[in-house]
Amino acid sequence: MSLRIFLVSIASLLFGTSVFSQITVNNTLTPLQIVDNLIGAGVTVSNISFTGNTNQIGSFDGTASNIGLPDGIIMSSGTILDIVPPNQPITGTFGNPGDPDLLTVAQSVTSNPQAGLINSTFDAAILEFDFVPTGDSVQFNFVFASEEYTTYINSQFNDAFGFFISGPGFAGPYASPAAFPMGAENLAFVPGTTDPITISTIHPGLNAAYYISNTAATHSFNGFTVPMTIEFAVTCGQTYHFKFAVADCQDDYLDTGVFLEGNSFSSDAIDVAVATVSGDTAVYEGCTFADFIFSRTDSTDTLVVTYDIAGTATDGLDYTALGTSITFLPGVDTMIITLDPIADGIIEAGESVIITAYTVNSCGDTITSTGTVWIFDEPFLDITEDDPILLCGDDSLLVGATASGGFSPYTYSWTGSTSVTDSAYVNASVLGPVEYYVTATDGCGYTITDTVTVTLNQTLAIDTLISFPSAPCDATGAVSGVASGITGVPLYEWIGPGANNPNSIDATVWEDLSPGWYFFTVTDNVCEESDSVYVDVTPPPVASFDAAPQSGCAPLSVTFSNTSQNTTSYEWDFGGGNIVSTTSTTPIVEIFTNTTTVQLTAYDDGGCPSDASVTITVTTCGCTDPSAENYDPNAVIDDGSCYYPEPIIYVPNVFTPNGDNQNDIFFIDVENAADLEFTIFNRWGNIIYEATGLTSAWNGFLEGGNFAQDGTYFVKYTVTSINGELIEGHSFVQLVDGNKP
C-alpha cells in the first residue's frame, strides 16, 4: 500500500483571515445525497450504507467559519446540530453501540498512558460504500475535531475515528465485507507516523503544528486539526470498500466529529469547469469573459491534455483563439484558458462554445470532461423611472431610476445633481413639466439614458411680502402678505417673535411687531405656500457728549458739547437738583465746586431714551507748604500760591575777639532764611575767611593759626530765603582789640 497524509494546500489561505462567522449544518440528507456530496471526479460508488442516528451525519457549510474547509459532510459521535454555536456537543447520547474497529484504534495509541483502560465505545456513526477509481490513486481532505480537547488528553476518554480501506492491495486487522477477505487498513495517521489521529496524538503538547484552538468559536468543538489530505494508491477499474467511522470512547458525554471536504474523494483525472462573471455559463461581447478551469488530482508528473473546441461560435472570430492542448508540469494541479468574446457589432442569437478535454488513465481508458459557455450580444439595458406629478411645489424632490438588463454594479449621472446613485434630489418649484436626464452605466461600461419628468401644477403663490420697521424701544413694526391662485377658503398664518401680540396670527396683516424674521404661510384646499420677511428697526437714539475739562481745581468751569445721534430732546442732570431740559445742542457751561457725575438722557421722536454720563472731578487747590504764610491744610494740590516772609539780615560792624567773652565772634544774624554764606576780605581784597550755614561765625583767626590784625574788613554775604530766593549783600566790620600773639 502507498499512503500519503499531508496538509491541504488551501489551509494557509483559509486561516490567513481572522474574521469568521458561524458554521451551518444540514441533517436532512439521505446517505446517497451525503455520498454524492463527498465524491469527486474519477470515482464511481455503490452499496452505500449508514449506521447510526440520522442526526449524526449531514452536510456543512464552512465558508465563513474557521474550520478550514469550504463545505462537505460532517460525522459526529453526537448530534451534528450541537456543533452550531451556542449549542455544545456534549449531550449527543443515542444509546447506540460502538464499533470494534474503533475500540482497537483507541487502544493502539501508544502515546496515551491510559489507552489500556479503554474497553468500550458508544454511539458509532459509520458511513460505508464501494467504489471504482478511474485513476491509480484516490485522495480526500478532512479535519478532525473534538470537545474532549484539551481536558481529556491522554485519558481513557479518548474518542476514536478511522478511515478503513479494503480491496486489491490492502490487508489489515480491521473488519471488511466478505467480498474483501484480506481485511481492512486504517488510513487516519498523524502525518509521517504510524500513530492514529486522536486528541492524544495531536494537541498543543504533541504535533502542535497540526492543532488549532477554537478561539474564534465559529463552531462548538474546543479544538481541531488543520485540514489534511489522505492519498492512497489504487488500481484503476478495481472495486474497493471504504468505511468512515467515529465513536465515543468509555463514555458518551463529550462528542467528537470528522469534517470531510465536499467532492474531495476523487481519483486522478482531468476536470473542466467554467467560471464567468455572472456566475452562470453566459458571457457578453465586449464585456465579460469566461475561464475554462482544468484541474487534476495528481500533480506528480507532466501531463498533456488535448481538447476539442465545438459549438456554434467560431474560434478566433467570435472569441480569441483557444488552442488545442495544455501541458501540466509537475506540481501544477490547475490551469486556466480564458475565453474572451469579441464585440463584432452584429446582432445575432446566442452562440455556444463547447470544450471537451481528453485524458487516458492508467487502465488505458479515455476520460472526457466537458464545459460549455454561451456568447451573447451586448445586453439590453432598461431604466424604470418615476415621473411624478405634483400639485404643490417644494425646493427639491427625491426621484429615482432603476437600471436592469446589464451587469451590476450600476452607476448613475443626473442633470443638475452630483448624485451617482439610483436617486437624486431635483428642483420641484418650477411650474409645468421639467425633464431631468438620468444615464445608467453598468459594470461593463454599457450606458442607457432616460428622462424623469417632474410636472408641477400649482396655482397657489405668495405674490408680495411687505415689512415696516419697528421703533427701537417699542413694537411699532408691521408685515403684510398678498397671495394669489387660491383654491377654496384660504388659511393665513404669520409666525414670528411678536411683541405686543402672541407669536402667531391668522391674518394677512400683522401690526405692533418687534424686529425679527416673520414667516407667512398660506394654505388653501390644495396646497401650502410659505415665505418670510424681515422687520427691521429704525436707528436707535445714541446719547453722547464731550466735557472739557473733566477735572480741575474748584471752582471748575466745564463746557458740555452735545454729540448725540438720532435724538431730538435732552435732559441734563448736573447734580444737586440742577436739571436742564432742552431741545438745543448748544454747548452749556456749568461751574462745579465738588466732584459730580453728570448724566445726559437723549430721546428720539418716539420718546426712546439713551443715557450717557461722565464724572467731573473737582479738587481743592492752595498752598500746601506749612512754612508759607498762606498755608492751607485742606488743599490737596499745590497751586503755586504760597508766599513767605522776607528774610531779616543783621550784619554787625565791629567785634572784639579779645577773649573777654564780650563780642568775641563775628556772625550774621538772619531771620526767615533757609541758608547763609558769607566771605570776609582784607583791605587788599584777599579772602581771609569763608563760612556756610545759618550759625556760622568768625573768631578772628586766620588760616594757619595767626590772628587777624585790627582793622576794617569787607564782608560779602548771600542769604537763601525760605522760598529759595537768593539775597546778596555786603558790609564792613571793624576788628578791635584783637588778641595779639
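Just so it is clear, none of the values below were taken in a lab; they were calculated from the coordinates. What you see is a predicted model, and the numbers here were worked out from it, not measured in a lab. Glycine gets a Cβ as well: all are built from the backbone with ideal geometry, and neighbour counts include every protein chain shown.
Quick look at the numbers
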quantity	calculated
Peptides 54-62, 465-473, 660-668 ordered by average Cβ neighbours within 10 Å, highest first	54-62, 465-473, 660-668
Hz values of 3J(HN,Hα) by residue in the range 450-461 - Karplus curve (6.51, -1.76, 1.60), Gly and Pro given as x	9, 10, 10, 9, 9, 10, 10, 10, 9, 9, 5, 8
Taking 479, 654, 426 and counting other C-beta atoms within 10 Å, the order from fewest to most	654, 426, 479
Isotropic mean projected area of the C-alpha convex hull, the range 68-211 (nm²)	10.2 nm²
Residues with amide H under 5 Å from that of residue 694, placed H, sequence gap 5 or more	676
Inter-label distance, nm, simple model (7 Å from Cα along the C-beta direction), residue 54/residue 650	15.4 nm
Free-standing Cys, the chain [no other Cys Cβ under 4.7 Å]	249
For the chain, calculated [θ]222 nm from helices alone, where every DSSP H run of n ≥ 4 adds -39500 (n - 2.57)	-500 deg cm²/dmol
Distance between the range 427-470 and the range 232-262 - C-alpha centres, whole angstrom	70 Å
Efficiency of FRET from Cβ geometry, residue 525 and residue 368, R₀ 56 Å, rounded to 0.05	0.10
Computed lengthening from residue 629 to residue 429, 0.36 nm per intervening residue step minus Cα-Cα distance	62.4 nm
In the range 651-741, GluC sites (Glu not before Pro) in a DSSP loop with at most 16 other beta-carbon atoms within 10 Å	703, 725
